[in-house]
Every structure is written in C-alpha cells, then in structure tokens.
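Notes to accompany the following structure.
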Amino acid sequence: MKPGHLGTAPPPDTAPFPDTAHPADTAPSVAPAAGTAPDPTLLLAALPLDASGPEGPPLTPAELRRAAAFTAAAARRRFLAGRYAARRFVAEVAGAPLAEVKAEYRCSSCSNVSGLSHGTPHYSISGGPSGFFFSFSRAGNRILAAAFGAAPVGVDAAEVSGFALPSLDGVIATERERRNIQALAAAGRPAARARLWARKEAVLKATGDGLRIPPQQLEAGDLETVRVPTTGAVLRVMDLDAPALGLPKGTLAAAAVPAAGELAPGKLAFRQVRWSQTRFP
C-alpha cells in the first residue's frame, strides 16, 4: 500500500517464512476447536485480483456502497476483486463453505458512521467466530492475505516504484531513519522507504491504530520488536519474502504480531496457504 493512499535496504537473505524452512504444499488449515489453545502459526497467501468474483456470497450493502463511491471503473473492479479474494482466503483457512463467510469492517476512529466498509476486517462463519484474525494489503494485481489464530495480525505490501520521492522521508521516517535512508546510494533509497512503510503499516494494522499514529513517530526500520509510542504496545515485525509469496516484482512486504508469551521470537511458525483447486479453481 502506498503512503499517498492517504531505514535500510531489505536484507538479501530474507527467508520466505522466517524461522522455518520453505514449506512444501500444505493442506488448508482448519479453525481451532473451541477450548483449545490458538495455533501460533501465521498463514500467508498472495491472491490474484484479475479473476472474476464468485457467484456468491453477495457482498454486504456497506461494501457495495463503498464500491459505488469509486469514480474510476478500474478502481471499482479492483476493490470488488479484493473483497472477493479475501472471502476466498477466509473460507480456505477456516475450512468453511464460501457461502458461510460473512464480513464486517470496524473502524475504531469513526465507527463507520459513513456507512462505508473500511477499517479492520472481521469475519464470521455461519454466524459464529472464524477462529482467526485477518489482515490484507493490495499490491499490483495481488492481495497479500494473512490469518493468525493467536492474536491480531497486520501485513502490508509496498511497491518500490511508489517511493521515489525524497519528500516522503518527512512523512514516513523518524529522524534516525531519515539519516539511514540518506546514507544510502540514491538508487537504494526507494526500496528503503518502501520497506520502512510496509513495516510500519503492518504494525499499525495489528494494533488497529492505523494512520491515527503518525508513521514518523514510530521507530521500525531495523528493529525486530517495535514499541508504539502512544500506547506502549510492543509488536514483533518481520520482513517477508515477497517473490516467494507470489507478490509482483518490485514489491516489499512485512508482517507484525504482538511480541508476548507464545509469540516471542522463536515461538512463531509460518505457513503459505496453497489453494485447494477442487474448491477454488
């Protein structure tokens, strides 16, 4: 996601799924049974946005109102494709029929008084909890999707081409991060900005704060754990291997989860979701 939708360069040896080897094809995950401890496995996928939406379930009235608010037809189609893709992902990881997936987006800032569908995504299955927290980010013709059963999660994908302007440094970076960016060769600065933005967006999505907390107040450029200054929340932030996930070339991505207890470094596992072709061709 671009900052206009309003550091350091990425390490070359970033693992596709930190702390684990690249997984083989995996079966769809199933939501944890009631009364069992949540599985600290972060599920990730990059879904195409160029496919037509399914026959059902229908989008909510709020989603349709937001789609209608787009003046450009291409932007409207991209929004709708993203919402359909998100439902596919939820159904896949929860092991549920697509028609039983219901969406609700909650904005803690405005409480969605506008009637438009925005904010943190929440999904129910047949009227009950899905068993997961979700986060999504669009990049090119893909949507990066994450599901986590143990705690709120945030992910973000940033296209390097959108971060060429030096003026972005004052919007997205702390003073120390700005110095680090300026210390790089000019050719490496857009990637440094994109990485920094993805990490901060992931953190602020996980906390639910969004851009109510100015990114330039949040130190996240080269830290494994990040503290949100206004709330004291501490999160673990991780660079993701965007090509391994299937995100477009020139995209950088990050994920964030609370850094506590079972979610401390070394306790978190990763799995890439592989589509069940019989369910979602």
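The values are calculated or read from the model by the stated rules, or taken from the named source; none is laboratory data. No experiment lies behind these values; they were computed from the predicted model shown. Here the Cβ positions follow ideal geometry from the backbone for every residue, glycine too, while neighbour counts run over all protein chains shown. SASA here: full protein model, heavy atoms, side chains in, ligands and nucleic acids out. Shrake-Rupley method; radii C 1.70, N 1.55, O 1.52, S 1.80 Å.
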Residues of the range 73-104 being within 18 Å of the chain's Cα centre (by Cα) and outside any helix (DSSP H, G or I), in sequence order, are ALA103, GLU104
Considering residues that are crowded, with 16+ Cβ neighbours inside 10 Å and modelled with pLDDT under 65, the number found within the range 93-119 is 3
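Condition check ((1) open to solvent by less than 10 Å² (accessible area, probe 1.4 Å); (2) under 24 Å from LEU49 (Cα atoms); (3) modelled with pLDDT under 95; (4) part of a helix (DSSP H, G or I)) across all residues:
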position: PRO152; (1), (2), (3), (4): no, no, yes, no
position: ALA158; (1), (2), (3), (4): yes, yes, no, no
position: ARG178; (1), (2), (3), (4): no, no, no, yes
position: GLY232; (1), (2), (3), (4): no, no, yes, no
position: PRO243; (1), (2), (3), (4): no, yes, yes, yes
Considering the range 204-230 alone, what residues qualify as being surrounded by 17 or more Cβ atoms within 10 Å (Cβ to Cβ) and of a type in the set (Val, Ile, Thr)?
THR207, ILE213, VAL226, VAL228
When the range 32-61 is examined, which residues are found to be at pLDDT below 85 and small (Gly, Ala, Ser)?
ALA33, ALA34, GLY35, ALA37, ALA51, SER52, GLY53, GLY56
For LEU144, only one of the following conditions fails: (1) open to solvent by 20 Å² or more (accessible area, probe 1.4 Å); (2) among the hydrophobic types (A, V, I, L, M, F, W, C); (3) under 22 Å from LEU42 (Cα atoms). What is its number?
(1)
When the range 160-176 is checked residue by residue, the ones that are surrounded by 13 or more Cβ atoms within 10 Å (Cβ to Cβ) and closer than 15 Å to ASP222 by Cα are ILE172, ALA173, THR174
Looking at this structure, is GLY232 on the phi > 0 side of the Ramachandran plot and over 14 Å from the mean Cα position of the chain (by Cα)?
yes
Let me confirm something: among PHE133, PHE70, which residue is more than 23 Å from ALA255 (Cβ to Cβ) and either buried (at least 19 other Cβ atoms within 10 Å of the Cβ) or modelled with pLDDT of 90 or more (or both)?
PHE70
For the range 208-216, state whether one or more residues are modelled with pLDDT under 90 and either among the small types (Gly, Ala, Ser) or on the phi > 0 side of the Ramachandran plot (or both).
yes
Which residues, taken from the range 180-201, are under 25 Å from PRO229 (Cα atoms) and open to solvent by 60 Å² or more (accessible area, probe 1.4 Å)?
GLN182
Could you figure out which of (1) within 18 Å of GLY140 (Cβ to Cβ); (2) modelled with pLDDT under 90 isn't true of LEU64?
(1)
